[in-house]
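Rule-based calculations on the coordinates, nothing more; no lab input. The structure displayed is predicted, hence computed values, not measured ones. Note that each Cβ is placed from the backbone with ideal geometry, even for glycine, and that neighbours are counted across all protein chains shown.
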Amino acid sequence: MNLNRAFYTGRFQPYHNGHHGIIKKIAKEVDEIVIGIGSAQFSHTLEDPFTAGERVMMITRSLKELDITCYVIPIEDINRNSLWVSHVKSMTPPFKVVYSNNPLVQRLFKEEGTNVRTLPLLNREEYAGEEIRRRILRDEKWEDLVPKAVVEVMKEIDAVERLKTIEKTDKL
Ligand code: NAD
C-alpha cells in the first residue's frame, strides 16, 4: 500500500486552534499525518514551557476527534540547518509532502526536493503560542484559543503555576 503521508512540524508551545485547524485541513488531503514536535529538548522556559511528552499528550488527545492515523514524534533541534531534513527523516515514517508556513522549514525541504504546501494562517493574532503564554501569565482568558483536550492537559500538569514560577526571579 503506497499511502500519501504528510509531515507537519511545530514547537506547539502550546498546541492551539491554529495548529488544530490546519491539521483538520491536511487530513482532508492525505491518508496519514506525521506530526513532528520540534525543539523537543526544551522545556521549563518562558518561550518553551512544556516538555516534549506534555506536547505529545496535548496533540494525541486533541487528535482523537479526527478520523485519520497520526504519528506524533518528538524531534530535537540540531545545530546544523543543512542536515536538519535528514535528521527529521531519520526519526519519522516516510512522507511525500510537507505542510508548513515557516519559511526556514519550507526552504530546507524544498532544497532537498520535497513537495511543500502552505495553508492559510487562521486568526494568527490570537491563535499564537506567544499570545497564549502572555494571556496565561496575565490571568487573561486563553482557554478558548486551544482545543478542550489541551485545557485538560494544562490543568493536569499545573501549567499556569509553572509559567508563573518560571517568570519569577530572585534578583532585586
Ligand atoms: P510553530 O508552533 O510556531 O508553528 C507550527 C506551524 O503552524 C507553522 O507552519 C506555523 O506557520 C503554523 N501556524 C502557527 N500559528 C498558526 C495559525 N494561527 N494558523 C495557521 N497556522 C499556524 O512552530 P515553528 O517555529 O514553525 O516550528 C518549526 C520547528 O522546526 C521548530 O521547533 C524549529 O526549532 C525546528 N527546526 C529546527 C531546525 C534545526 O534544528 N536546525 C531547522 C529548522 C526548523
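Among Ser82, Ser39, which is the only one that is polar (S, T, N, Q) and at positive phi?
That would be Ser39, the only listed residue that is polar (S, T, N, Q) and at positive phi.
Restrict the check to the stretch 7-30 and report whether at least one residue is more than 12 Å from the chain's Cα centre (by Cα), more than 16 Å from Val146 (Cβ to Cβ) and of a type in the set (Val, Ile, Thr).
Within the stretch 7-30, one or more residues are more than 12 Å from the chain's Cα centre (by Cα), more than 16 Å from Val146 (Cβ to Cβ) and of a type in the set (Val, Ile, Thr).
From the set of residues in the stretch 110-163 that are β-branched (Val, Ile, Thr) and loosely packed, with under 15 Cβ neighbours inside 10 Å, which is farthest from the chain's Cα centre (by Cα)?
The extreme case among them is Val160.
Looking only at the stretch 54-80, count how many residues are more than 27 Å from Leu3 (Cα to Cα) and either more than 14 Å from the ligand (Cβ to nearest atom) or in contact with a helix residue (DSSP H, G or I) (Cβ under 9 Å, 6 or more places away or on another chain) (or both).
Residues meeting the conditions: 4.
Report the residue count in the stretch 53-99 for those that are touching a strand residue (DSSP E or B) at 6+ places or on another chain (Cβ under 9 Å), among the polar types (S, T, N, Q) and closer than 23 Å to Ser43 by Cα.
Count: 2.
Being without any contact (Cβ under 8 Å) to a residue 60 or more places away in the chain, closer than 22 Å to Lys155 by Cβ and charged (D, E, K, R) narrows it down to one of Arg80, Arg55, Arg61, Arg11, so name that one. If you could, list the steps in order and put the result at the bottom.
Working: Arg80 fails: closer than 22 Å to Lys155 by Cβ; Arg61 fails: without any contact (Cβ under 8 Å) to a residue 60 or more places away in the chain; Arg11 fails: without any contact (Cβ under 8 Å) to a residue 60 or more places away in the chain.
Matching residue, one of Arg80, Arg55, Arg61, Arg11: Arg55.
Where in the stretch 81-138 are there helices (runs of 4 or more DSSP H), lying fully within it, with 2 or more residues that are of a type outside the set (Asp, Glu) and within 9 Å of the ligand (Cβ to nearest atom)? If you could, list the steps in order and put the result at the bottom.
Working: elements: 84-91, 103-111, 129-137.
Counting at least 2 such residues, we get 84-91, 103-111.
Can you say whether Thr118 is out of contact with any helix residue (DSSP H, G or I) (no Cβ under 9 Å at 6 or more places or on another chain) and of a type in the set (Val, Ile, Thr), as far as the supplied structure shows?
No, not satisfied.
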